[in-house]
Amino acid sequence: MKLKVCGMKYQDNIQEVATLQPDYLGFIFYEQSARHFDAHRIPEISNTIKKTGVFVDADLDFVIKKISKHNLKAVQLHGNEAPEYCKQLRGKNIEIIKVFSIKNEFDFSVLKLYDDIVDYFLFDTKGKLPGGNGYVFDWTILNNYPSTIPFFLSGGIGLSQIDDINKFQKSEASKYCYALDVNSKFEIEPGLKNIEDLKKFKNNLTSKIMNYNVNEKGYYGEFGGAFIPEMLYPNVEELRQNYLKIMAEPDFKKEFNQLLKDYVGRPSPLYFAKRLSEKYNTKIYLKREDLNHTGAHKINNTIGQILMAQRLGKTRIIAETGAGQHGVATATVCALMGLECIVYMGEIDIARQAPNVARMKMLGARVVPALSGSRTLKDATNEAIRDWINNPVDTHYIIGSAIGPHPYPDMVTRFQAIVSEEIKWQLKEHEGRENPDYVVACIGGGSNAAGTYYHYLHEPDVGIIAVEAAGLGIESGESAATSVLGKEGIIHGCKTLLMQTNDGQITEPYSISAGLDYPGVGPMHAHLAKTGRAEFMSITDNDAMDAGLELSKLEGIIPAIETSHALAIFKYKTFRPEDVVVLNLSGRGDKDLQNYIDYFKI
Amino acid sequence: MNRINQKLKEDKKLLSIYFTAGYPNIDDTTSIIQDLEKNGVDMIEIGLPFSDPLADGPTIQDSSTKALKNGMTTDVLFTQLKDIRKTVNIPLIIMGYFNPMFQYGIEAFCKKCQEIGIDGLIIPDLPVDVYHEEYQAIFEKYGLINVFLITPQTSDDRIRYIDSISNGFIYMVSSASTTGTQSGFGNEQTSYFKRIGKMNLNNPQIIGFGISNNQTFTQATQYAKGAIIGSAFVKHVTNEGIDTIGKFVDSICN
Ligand SMILES: Cc1ncc(COP(=O)(O)O)c(C=O)c1O
């Protein structure tokens, strides 16, 4: 969450506050204010801090003059400025923040008029004066926030609100809260800020509120972003600008949920695995994504993205696939919607995943072999991206995991988040509590894991376990354990952990499971690894295969080999008998039958 | 003044040639550069090969894969180029993807470029805003010109923004495509060339992607300061080796 310090007045104080690196500093250009900024100039401060001019029903000319004189990066409009007024400030390379004051209630419908005009809203407490009244309003009013435009939260915020802010952060109402705006509660006198208090506030916020979600620039900590060639910019930018808006539309939500229910078969059961639990002396629940239509979690994402593609007016769908699971899930939704479907698949994978290739063809998709590089998943992804470069207008690229340039990792995560959303209420029914002690998932690119973790990321009492494929062993040179073997780098448009040579060439991973055979990992998981929020484990081919067989025998469920990796952790990690461990059973083993047969000589 | 800016001042249409370093053979780099200069080429893009060149078509991909197999690395390239300024004066640009440079260290990479006498960089997957926020100061410190791409889909606003951050030329991608996929320019492209021409940008434009022969070169340079040939040159080298570079250049210019 960003921090704005408003009502700056004195030169030395401005520079002192600037050393704390707030994201915005506010200067009030309103004579009636006790914090009226009347100095000739704003002193030199770091250009990462956005200088913000605060105005109250000022003349446009006056505003424009101040923008250029002080090189302002944002204007905050505190009066009754109409949409037309705000519009005239557009295209001036300046962020527009429109303020609304809230008392006990607020009619959010006025926001609509400003929708495509302002960059942010700011909510503060209604009082005698425009701003700076020092009281906090009831933040639960924001539960009804109907917009997806990010907002600043303001009004009487001080040190005593830290706990409330932490609580607020966890609530739905904070979803679009972009920044906190502070002023009078950090003052020695009007306009003179108390540095020590601000420091305390800032430290408390950043230490208590570690954010594991994506920020507005598309980063999870240092990971993420959109490192794409200019040729892809219009496509990715179109998606970035629209994905949250579209996902928030009632009509979209309705169709998405309906299809998940009637077509995919959601909610998927949360099954208490009694015999497995007995064996490992802890309580193990399996989230049965294997029971979804097409046999894995992948369909949650493809349903979401196909609806997105339709709303963006796209008529041609492309996808990459490794084992063919995502390819099948994509071909399925394309058949469902009657859209053209092209799936890129490495030449080598085509040979070893014949049944899924046949499925895709039956579903009407064209399967194009990726002949470049090592002819596996990474190269199929390259080919899909190249296709998108060549077809920039009518095509949507359905990425199959929480990877790729922003907004893909976040969008895929949000579509998969249904998994943890359901776990919450299902576990409440089983155990009387929403939070398990651990959530566990295997990680290829990280989509089933992202969905499993999503609603627990900010619940400190829930442990997160991420399971990667060690292949023949971490040290063997034949592995896909990115968090151990990877270094920070750029793959497929995203900065993340990535297996590569010292020279920055991307290397080929290896795993018996084609779905975990990816040299990178989604940026969210790179961040979870780096911050230590998640515990990463790596499981070899052999251990995974044994765990797959074990689940088949103990519970009558044949898992996908990807999932078998997650199941194998019980051999290595001991849980307490009273622990509740929820594991995402991401897929069923039908597609892997030949692998199991060959491995166990069945 | 940077050699690129000097060259752009000359009153002629410029021919820029791309080749993949380490291809066809690992040690061809310097002799290709010297030959290109000798045969009247105006500017050279030295391709630093990458395992996953997203913006490239099959020809450059294949040459990159081969170059990496031949043992090309960032260090090897820098060593090969160590004394290049003793023999040539032509503007030299390194074109490569961001990850190998990022691993080398952006500052270290830029510093090395300056030592060798590299004039500029083209990094297709380093977006303009990341460059502007994080790396521009470093590039400028080492006197390097960074060249950005625009495409027929790039909005006017964004073109102006890119123009404002550029200090050499703008690389105009001829059409929505990866490298090497075009076989000629139709109305759509010429009207795009004209549209950009009319914008009166601060930086001159050089057209690339799909320039392969005299006809496309002439067509492109009707609307721009110059043109870049990549895949066609790589193909020539694949088919005829590196001894007939003069013949290739002649076929473009005459
Ligand atoms: C059943 C199953 N689980 C897990 C994965 C790994 O992908 P992700 O990490 O995106 O969930 C795959 C990929 O194909 C899969 O098919």
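Restricting region B:101-121 to residues that are among the aromatic types (Phe, Trp, Tyr) and touching a strand residue (DSSP E or B) at 6+ places or on another chain (Cβ under 9 Å) leaves a set whose member that is surrounded by the most Cβ atoms within 10 Å (Cβ to Cβ) is B:Phe109.
The single residue among A:Lys175, A:Lys170, A:Lys128, A:Lys185 that is more than 25 Å from the chain's Cα centre (by Cα), modelled with pLDDT under 90 and of a type in the set (Lys, Arg) turns out to be A:Lys128.
Residue check: B:Thr179 meets all listed conditions (1) surrounded by 15 or more Cβ atoms within 10 Å (Cβ to Cβ); (2) at pLDDT below 95; (3) within 14 Å of another protein chain (Cβ to nearest Cβ); (4) assigned to a helix (DSSP H, G or I) but one, namely (4). Of all residues in region A:13-63, those satisfying the criterion of being buried (at least 18 other Cβ atoms within 10 Å of the Cβ) and among the aliphatic types (A, V, I, L, M) are A:Ile14, A:Val17, A:Ala18, A:Leu25, A:Ile28, A:Ile42, A:Ile49, A:Val54, A:Val56, A:Ala58, A:Val63.
Yes/no per residue for (1) part of a strand (DSSP E or B); (2) surrounded by fewer than 21 Cβ atoms within 10 Å (Cβ to Cβ); (3) free of Cβ contacts under 8 Å to residues at least 12 places away in the same chain:
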residue	(1), (2), (3)
A:Tyr178	yes, no, no
A:Asp181	yes, no, no
A:Lys199	no, yes, no
A:Tyr212	no, yes, no
A:Glu216	no, yes, no
A:Asn235	no, no, no
A:Arg240	no, yes, no
A:Tyr243	no, no, no
A:Met247	no, yes, no
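Within region B:199-223, being among the small types (Gly, Ala, Ser), closer than 17 Å to B:Met43 by Cα and crowded, with 22+ Cβ neighbours inside 10 Å holds for B:Gly208, B:Ala220.
Pick from A:Ile195, A:Ile228: which is away from chain B (no Cβ under 14 Å), in contact with a helix residue (DSSP H, G or I) (Cβ under 9 Å, 6 or more places away or on another chain) and of a type in the set (A, V, I, L, M)? Talk me through it step by step, then tell me what you get.
Working: A:Ile228 fails: away from chain B (no Cβ under 14 Å).
Answer to the selection: A:Ile195.
Does A:Glu550 satisfy the criteria of being away from the ligand (no atom under 16 Å from the Cβ) and within 18 Å of A:Ala323 (Cβ to Cβ)? It is false that A:Glu550 is away from the ligand (no atom under 16 Å from the Cβ) and within 18 Å of A:Ala323 (Cβ to Cβ). For A:Thr501, the conditions (1) within 14 Å of chain B (Cβ to nearest Cβ); (2) surrounded by fewer than 19 Cβ atoms within 10 Å (Cβ to Cβ); (3) within 11 Å of the ligand (Cβ to nearest atom) all hold with the exception of (3).
Residue check: is A:Ile165 aliphatic (A, V, I, L, M), open to solvent by less than 60 Å² (accessible area, probe 1.4 Å) and not in a loop (DSSP other than H, G, I, E, B)? Considered against the rule, which asks whether it is aliphatic (A, V, I, L, M), open to solvent by less than 60 Å² (accessible area, probe 1.4 Å) and not in a loop (DSSP other than H, G, I, E, B), A:Ile165 comes out as yes.
For region A:285-333, the set of residues classified as more than 9 Å from the ligand (Cβ to nearest atom), in a helix (DSSP H, G or I), closer than 24 Å to A:Ile423 by Cα and more than 23 Å from the chain's Cα centre (by Cα) consists of A:Leu291, A:His293, A:Thr294, listed by residue number. Each residue in region A:470-495 was checked for being crowded, with 23+ Cβ neighbours inside 10 Å and more than 14 Å from every other protein chain (Cβ to nearest Cβ), and 6 pass.
Which is over 23 Å from A:Tyr233 (Cα atoms), away from the ligand (no atom under 13 Å from the Cβ) and either open to solvent by less than 10 Å² (accessible area, probe 1.4 Å) or basic (Lys, Arg) (or both), of A:Ala370, A:Ala384, A:Ala351? Show your work before the answer.
Details: A:Ala384 fails: over 23 Å from A:Tyr233 (Cα atoms); A:Ala351 fails: either open to solvent by less than 10 Å² (accessible area, probe 1.4 Å) or basic (Lys, Arg) (or both).
A:Ala370 is the lone residue from the list that is over 23 Å from A:Tyr233 (Cα atoms), away from the ligand (no atom under 13 Å from the Cβ) and either open to solvent by less than 10 Å² (accessible area, probe 1.4 Å) or basic (Lys, Arg) (or both).
Taking region A:554-582 only, how many residues are of a type in the set (D, E, K, R) and assigned to a helix (DSSP H, G or I)? Let's see the steps before the verdict.
Start the filter on region A:554-582 by keeping residues that are of a type in the set (D, E, K, R), which leaves A:555, A:562, A:571, A:573, A:576, A:578-579.
This time we only want the ones that are assigned to a helix (DSSP H, G or I), so: A:555, A:562, A:571.
Result for region A:554-582: 3.
Among the residues of region B:113-135, those that are under 19 Å from the mean Cα position of the chain (by Cα) and within 14 Å of chain A (Cβ to nearest Cβ) comprise B:Ile122, B:Ile123, B:Pro124, B:Asp125, B:Leu126, B:Pro127, B:Val128, B:Tyr131.
Quick one: how many residues across region A:76-86 are assigned to a helix (DSSP H, G or I) and surrounded by 15 or more Cβ atoms within 10 Å (Cβ to Cβ)? Of the residues in region A:76-86, 3 are assigned to a helix (DSSP H, G or I) and surrounded by 15 or more Cβ atoms within 10 Å (Cβ to Cβ). Count of region A:479-495 residues, restricted to those that are within 13 Å of the ligand (Cβ to nearest atom) and in contact with a His (Cβ under 8 Å, 6 or more places away or on another chain), is 1.
Name the helices (runs of 4 or more DSSP H) wholly inside region A:345-436 in which the number of residues that are within 26 Å of the chain's Cα centre (by Cα) and more than 14 Å from every other protein chain (Cβ to nearest Cβ) is 3 or more. Talk me through it step by step, then tell me what you get.
Details: elements: A:347-352, A:354-362, A:377-390, A:408-416, A:418-431.
In region A:345-436, A:408-416, A:418-431 are the helices (runs of 4 or more DSSP H) which contain 3 or more residues that are within 26 Å of the chain's Cα centre (by Cα) and more than 14 Å from every other protein chain (Cβ to nearest Cβ).
Residues that are loosely packed, with under 12 Cβ neighbours inside 10 Å and outside any helix (DSSP H, G or I) within region B:185-198 comprise just one, B:Gly186.
Here A:Tyr397 passes the criteria (1) of a type in the set (Phe, Trp, Tyr); (2) assigned by TED's automatic domain parsing to the domain that holds A:Val333; (3) away from the ligand (no atom under 16 Å from the Cβ) except the one numbered (3).
Among the residues here, B:Leu54 does not qualify as over 22 Å from B:Leu15 (Cα atoms), within 17 Å of the chain's Cα centre (by Cα) and open to solvent by less than 10 Å² (accessible area, probe 1.4 Å). Checking each residue in region B:72-94 for being open to solvent by less than 20 Å² (accessible area, probe 1.4 Å), within 14 Å of chain A (Cβ to nearest Cβ) and touching a residue at least 40 places away in the same chain (Cβ under 8 Å) picks out B:Met72, B:Leu77, B:Ile94. Among residues of region A:392-404 that are under 20 Å from A:Gly225 (Cβ atoms), those with a Cβ under 6 angstrom from a residue that is of a type in the set (Ser, Thr, Tyr), sequence gap 6+ or separate chain, pair up as A:Ile399/A:Tyr408; A:Ser401/A:Ser447; A:Ala402/A:Thr413; A:Ala402/A:Ser447. Considering the conditions (1) without any contact (Cβ under 8 Å) to a residue 40 or more places away in the chain; (2) at the interface with another protein chain (Cβ under 10 Å from one of its Cβ atoms); (3) surrounded by fewer than 24 Cβ atoms within 10 Å (Cβ to Cβ), B:Lys69 is excluded by exactly one of them, (2).
Can you confirm whether A:Glu562 is open to solvent by 10 Å² or more (accessible area, probe 1.4 Å) and over 20 Å from A:Ala402 (Cβ atoms)?
Numbers: open to solvent by 10 Å² or more (accessible area, probe 1.4 Å): yes; over 20 Å from A:Ala402 (Cβ atoms): no.
No: the conditions fail for A:Glu562.
The residue that is farthest from B:Gln219 (Cα to Cα), among those in region B:140-165 that are more than 12 Å from chain A (Cβ to nearest Cβ) and surrounded by 21 or more Cβ atoms within 10 Å (Cβ to Cβ), is B:Leu144.
Among the listed residues A:Lys73, A:Lys66, A:Lys103, identify the single one that is basic (Lys, Arg) and surrounded by fewer than 15 Cβ atoms within 10 Å (Cβ to Cβ). It would help to see each step written out before you state the result.
Numbers: A:Lys73 fails: surrounded by fewer than 15 Cβ atoms within 10 Å (Cβ to Cβ); A:Lys66 fails: surrounded by fewer than 15 Cβ atoms within 10 Å (Cβ to Cβ).
Being basic (Lys, Arg) and surrounded by fewer than 15 Cβ atoms within 10 Å (Cβ to Cβ) holds for just one of A:Lys73, A:Lys66, A:Lys103, which is A:Lys103.
The values are calculated or read from the model by the stated rules, or taken from the named source; none is laboratory data. All values reported here derive from a predicted model rather than from experimental measurement. Neighbour counts are summed over all protein chains in view; Cβ atoms, including those assigned to glycine, are modelled from backbone coordinates with ideal geometry. Areas reflect the complete protein model, heavy atoms only, side chains present, ligands, DNA and RNA absent. Shrake-Rupley method; radii C 1.70, N 1.55, O 1.52, S 1.80 Å.
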